[in-house]
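The values are calculated or read from the model by the stated rules, or taken from the named source; none is laboratory data. Since we're looking at a predicted model, the values are computed, not measured. Every residue, glycine among them, receives a Cβ derived from its backbone with ideal geometry; neighbour counts consider all protein chains shown.
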Amino acid sequence: MKESKKSLKWYFIVIGVLWLWNLSKIGIINGDVVLGIFLLISAIFGGIFLYIGVKLNELLNRSQKFIINFLLIELAFLVISGLYNIIKGSFVAVNIVSLIISVVITLYLIKNVKELSAPTQIQEQK
């Protein structure tokens, strides 16, 4: 399925809100420093996702590499935090399914950013 710039913009905004929603879990830290760091990183990612969502057209035109690099960093974070949950003992099927869905969505976003920025690059070369 090919996305439009408008629908991709909303994907970024919704994902940003969901990352920020992770802050509601602040009460379950219970002295777990790593979980606290993960929640802080989640808040930062949420802010960046919202920024990309709001400025998507401009970023696709001038710095799509920033979006792709950010999504790759987010992908690495998803895998690291997922592995941490598994090692920590939270080996629950829901966590694994959630991790797989998050990875697939991130890969989907990368693919669509590349596709939507390609016409812009071709126009600039002419």
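Here are the numbers for the structure shown:
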{"read-out": "Sole exception among (1) at pLDDT below 90; (2) surrounded by 15 or more Cβ atoms within 10 Å (Cβ to Cβ) for GLY46, by number", "value": "(1)"}
{"read-out": "Any hit, region 53-71, residues being under 22 Å from VAL97 (Cα atoms), surrounded by fewer than 17 Cβ atoms within 10 Å (Cβ to Cβ) and without any contact (Cβ under 8 Å) to a residue 40 or more places away in the chain", "value": "no"}
